[in-house]
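Trainee: Structure provided below as structure tokens; questions to follow.
The values are calculated or read from the model by the stated rules, or taken from the named source; none is laboratory data. Nothing here was measured: the structure is a model prediction, and the numbers come from that model. Please note: Cβ atoms are built from the backbone with ideal geometry, for glycine as well, and neighbour counts cover all protein chains shown.
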Amino acid sequence: MATRVCTRGSCTIVPRSCDTITDATKGSPVLTFGSRAFPPSATLVMAIINRTPDSFYDRGATWDDGPALDRLDRVVAEGADIVDVGGVKAAPGTEVEPSEEVRRVAGFVAKARERYPDLVISVDTYRSEVARAVATEGADILNDAWGGRDPQVAQVAAEYRLGLVCTHAGGVEPRTRPHRVRYSDVVADAIARTVSEAERAVDLGVPRDSIVIDPGHDFGKNTRQSLIVTRGTPDLVATGWPVLMSLSNKDFVGEVLDRPVGERLVGTLAATAVCAWLGARVFRVHEVAETRQTLDMVAAIAGTAQPRVSVRGLA
């Protein structure tokens, strides 16, 4: 049987065998965050917990500590490997001073760490002041979603031996929407910028096995550019750096299917399955249970995981 493999716009017919299904995970590194180590075949769910009153997705549902802790308990029960805590929404809006961002996230990180000592905790921030504050409260990962705009974030990660997410945002200012952004090759640009940040982080002292790269869907990109970086997943994986995908309910999904926020789960899961098949390792999501099932199904088809139950045709 043969399959059509498309990379960066060119397609080739190649044989498909059981051996080639798992090529994407061959040579992938173990991922280490905090006290946890994840094997190359593992696909990880990073659950989003918004500590903002104006999130595009939940409109402040986890702004207060009680609902936020309830969501923490729920996503852990549903199979989240990582929780990603954010105190500033990505879109334009009311200015949030660093001190206010610290107030929103640092105390919650401390509570989450006390509640789940072995849980991997990430904080979505592009500010080194916030990074340092959450590092002292027990965070394991700094998720820098704006492409290293504050170079001190990576230095904090090195100082505290934390993980780091190096994201492509095309050089745009944080919390701005893209406007007629042009790339001669958006995948090449994503690779060049994220790999450069990852290599710089290693030079600073961030553990190599704690760094992932993220092509940054919607960040500095229109919908077509986000689709192109999705198709470019094999090229991102081929860099040797583990790839994180933040696809959940984003505008590129909404525009492809003409669906508002709240009706984008099917499109998100379709994109998730494709990226997992192509070798992405970490998925930042709102809907944990559905994502976990999607990733487990892909892994079973790929032969990197076994069915949880196997009785059909055996009795």
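Trainee: Looking at (1) closer than 22 Å to Q225 by Cα; (2) within 19 Å of the chain's Cα centre (by Cα), which is the only condition V123 fails?
Mentor: With respect to (1) closer than 22 Å to Q225 by Cα; (2) within 19 Å of the chain's Cα centre (by Cα), V123 is out only on (1).
Trainee: Within region 235-243, is there a residue that is touching an Asp or Glu at 6+ places or on another chain (Cβ under 9 Å), β-branched (V, I, T) and under 18 Å from V85 (Cα atoms)?
Mentor: No: region 235-243 contains no residue that is touching an Asp or Glu at 6+ places or on another chain (Cβ under 9 Å), β-branched (V, I, T) and under 18 Å from V85 (Cα atoms).
Trainee: Which of (1) within 23 Å of P260 (Cα to Cα); (2) under 22 Å from the mean Cα position of the chain (by Cα) is the odd one out, the single condition A77 does not satisfy?
Mentor: Every condition holds for A77 apart from (1).
Trainee: Since G313 meets every condition but one in (1) farther than 25 Å from E78 by Cα; (2) modelled with pLDDT of 95 or more; (3) surrounded by fewer than 19 Cβ atoms within 10 Å (Cβ to Cβ), which condition does it not meet?
Mentor: Just one mismatch for G313, condition (2).
Trainee: Enumerate the pairs (first residue in region 192-204 and in a helix (DSSP H, G or I); second residue anywhere and at pLDDT below 95) with beta-carbon separation below 6 Å, excluding pairs fewer than 6 apart on the same chain, so at least 6 apart or on different chains.
Mentor: Taking only residues 6 or more apart or on different chains, the pairs are E197/G148.
Trainee: From the set of residues in region 282-295 that are part of a strand (DSSP E or B) and in contact with a helix residue (DSSP H, G or I) (Cβ under 8 Å, 6 or more places away or on another chain), which is nearest to I141 (Cα to Cα)?
Mentor: For region 282-295, the residue satisfying everything is F283.
Trainee: Only one of (1) closer than 24 Å to F219 by Cα; (2) in contact with a strand residue (DSSP E or B) (Cβ under 9 Å, 6 or more places away or on another chain); (3) free of Cβ contacts under 8 Å to residues at least 40 places away in the same chain fails for V109. Which number is that?
Mentor: Among (1) closer than 24 Å to F219 by Cα; (2) in contact with a strand residue (DSSP E or B) (Cβ under 9 Å, 6 or more places away or on another chain); (3) free of Cβ contacts under 8 Å to residues at least 40 places away in the same chain, the lone unmet condition for V109 is (1).
Trainee: On to the next question. Residues that are modelled with pLDDT of 95 or more and of a type in the set (S, T, N, Q): does region 217-224 have at least one?
Mentor: The answer is yes, given that some residue of region 217-224 is modelled with pLDDT of 95 or more and of a type in the set (S, T, N, Q).
Trainee: Quick one: in region 203-242, which of the residues that are under 21 Å from V156 (Cα atoms) and of a type in the set (A, V, I, L, M, F, W, C) is farthest from the chain's Cα centre (by Cα)?
Mentor: Selected residue: L204.
Trainee: Please report, ordered by residue number, the strands (runs of 3 or more DSSP E) entirely within region 1-55 with at least 1 residues that are at pLDDT 50 or above and within 24 Å of R161 (Cα to Cα).
Mentor: So the answer is 31-33, 36-38, 44-50.
Trainee: Here is a further query. So is L269 part of a loop (DSSP other than H, G, I, E, B) and either buried (at least 19 other Cβ atoms within 10 Å of the Cβ) or modelled with pLDDT of 95 or more (or both) or not?
Mentor: It is false that L269 is part of a loop (DSSP other than H, G, I, E, B) and either buried (at least 19 other Cβ atoms within 10 Å of the Cβ) or modelled with pLDDT of 95 or more (or both).
Residue-by-condition table, conditions (1) within 17 Å of P178 (Cα to Cα); (2) outside any loop (DSSP other than H, G, I, E, B); (3) touching a residue at least 60 places away in the same chain (Cβ under 8 Å):
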{"site": "I213", "(1), (2), (3)": "no, yes, no"}
{"site": "H217", "(1), (2), (3)": "yes, no, no"}
{"site": "L227", "(1), (2), (3)": "yes, yes, no"}
{"site": "T230", "(1), (2), (3)": "no, yes, no"}
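Trainee: Name every residue in region 254-274 that is farther than 12 Å from V285 by Cβ and within 17 Å of the chain's Cα centre (by Cα), in order of residue number.
Mentor: Passing the criteria: G267, A270, A273, V274.
Trainee: Of these, V298, V309, V261, which one is assigned to a loop (DSSP other than H, G, I, E, B), of a type outside the set (F, W, Y) and in contact (Cβ under 8 Å) with a residue 40 or more places away in the chain?
Mentor: Residue meeting the stated conditions: V261.
Trainee: How many residues does region 72-82 hold that are surrounded by fewer than 19 Cβ atoms within 10 Å (Cβ to Cβ) and either among the aliphatic types (A, V, I, L, M) or on the phi < 0 side of the Ramachandran plot (or both)?
Mentor: 5
Trainee: Same structure again: Please go through region 176-209 and pick out each residue that is of a type in the set (D, E, K, R) and surrounded by 21 or more Cβ atoms within 10 Å (Cβ to Cβ).
Mentor: Once the filter is applied, which keeps residues that are of a type in the set (D, E, K, R) and surrounded by 21 or more Cβ atoms within 10 Å (Cβ to Cβ), region 176-209 yields R193, E197.
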